[in-house]
Amino acid sequence: MNRKYIIGIDLGGTNLKVALLDLKYNIVDKEIISTRSFLEKGELIIGIVHSINRVIKYNDLDKTDILGVGLGLPGPVDSRLGIVHFFPNIPGWREVGLRSILKGQLMLPVFIDNDAKIMALAEHRMGAARGFNNVLCMTLGTGIGGGIIIGGKLYRGFNNAAGEVGHLPINEYGKSCNCGSFGCLEAYIGNSRILNAARKEFKKTISLEELSLLAAKGNRSAIRIWRRVGKRLGFALAGVVNILNLDAVVMGGGVSNAGRVLFDSAKESLQNQAMSVQGGHVRIFRAKLGNDAGLIGAAIMVREGQAS
Ligand SMILES: [Zn+2]
């Protein structure tokens, strides 16, 4: 059989993206729907199935042209058993056997995994981390996610839960965190914390984009906020780098758009804090695949899953 296309899906708290990709991971067609237009779990699953069928039909294909369906999901997932444990930002999902539900409705091979892991896979195979063997990929946004590549392979850990760099403890008396614990990195440099600091500093609500723009224009208060974020980030990364002896760190997500001011201070603080052997050569890159990383990674998961 000549299956030349893959369906890649990136489900977020805000948007559901469904794409048709060729075997070189080019996006041939894409549909974006608001996740909030689905009121509950059952509706969302039907929405995913309809969207997949629509994309196949609109491109004059049928299911025999599709190698499989890959989904990147916003929460802890057991990729081996095909189970969603829960989604922090989409209510109503607890221990859902999503893979078998979708398989039954689509009659196609289905693969699921956590979105940060899928982004790491995409950046390693096709993006900024290409050619590096031991990599941490971080997504910096409302939450902070991470995926670890060791020896060129995605490292999953015992429960497929490895890579939660946002919940690396950095302060034993620290602020409470969305995960239920306290003192985690995310509680200091997550989106909302940065916006709070900006609001206090400028006495008005200010977006991340505005804060980045101000810093780029030389505004000292904005630069100070980003430097503080970078410093904490680098401090936390030093711990990861010391333990895993990484050759590269890749950072993506909305917060990473702050650019140089953030990356330079993260690099400086990482190098000050890390042990010299490990910290001396580690490279920090900005993610390359942008908003499509999830879709590309989902397709890579299908292709590599089929091959193994
Ligand atoms: Zn936490």
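The values are calculated or read from the model by the stated rules, or taken from the named source; none is laboratory data. Quick caveat, the model's predicted, so the values are computed rather than measured. Cβ coordinates were reconstructed from backbone atoms using ideal geometry, including for glycine residues, and neighbour counts include every protein chain displayed. Accessible surface areas use protein heavy atoms only, side chains included; no ligands, DNA or RNA. Shrake-Rupley method; radii C 1.70, N 1.55, O 1.52, S 1.80 Å.
Here's the yes/no breakdown for (1) closer than 15 Å to Val302 by Cβ; (2) at pLDDT 95 or above; (3) open to solvent by 50 Å² or more (accessible area, probe 1.4 Å); (4) not in a helix (DSSP H, G or I):
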position	(1), (2), (3), (4)
Glu43	no, yes, yes, no
Ser51	no, yes, no, no
His124	no, yes, no, no
Ala129	no, yes, no, yes
Leu136	no, yes, no, yes
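The condition (being modelled with pLDDT of 95 or more and open to solvent by less than 30 Å² (accessible area, probe 1.4 Å)) is satisfied by just one residue among Ala258, Ala266: Ala266.
Hand me the list of helices (runs of 4 or more DSSP H) wholly inside segment 186-234 holding 1 or more residues that are within 17 Å of Gly259 (Cβ to Cβ) and within 16 Å of the ligand (Cβ to nearest atom).
On the way: elements: 186-189, 191-202, 208-216.
The helices (runs of 4 or more DSSP H) meeting that bar are 186-189, 191-202.
Restricted to segment 172-185, and to residues there that are near the ligand (Cβ under 7 Å from one of its atoms) and among the hydrophobic types (A, V, I, L, M, F, W, C), the residue that is farthest from Leu233 (Cα to Cα) is Cys179.
Pairing each residue of segment 179-197 that is closer than 16 Å to Leu208 by Cβ with any residue that is assigned to a loop (DSSP other than H, G, I, E, B) and away from the ligand (no atom under 12 Å from the Cβ), provided the two are 6+ apart or on different chains, yields C-beta distances under 7 Å for Gly190/Thr142; Asn191/Gly141; Asn191/Thr142; Ser192/Thr142. Residues in segment 162-171 that are part of a loop (DSSP other than H, G, I, E, B) and either within 13 Å of the ligand (Cβ to nearest atom) or basic (Lys, Arg) (or both): Glu164, Leu168, Ile170, Asn171. For segment 270-305, the set of residues classified as open to solvent by less than 30 Å² (accessible area, probe 1.4 Å), in contact with a helix residue (DSSP H, G or I) (Cβ under 9 Å, 6 or more places away or on another chain) and under 15 Å from Leu21 (Cα atoms) consists of Ala293, Gly294, Leu295, Ile296, Gly297, Ala298, Ala299, Ile300, Met301, listed by residue number.
Report, by residue number, each residue of segment 85-122 that is part of a helix (DSSP H, G or I) and either under 22 Å from Cys179 (Cα atoms) or among the hydroxyl-bearing types (Ser, Thr, Tyr) (or both). Correct list: Ser100, Asp115, Ala116, Lys117, Ile118, Met119, Ala120.
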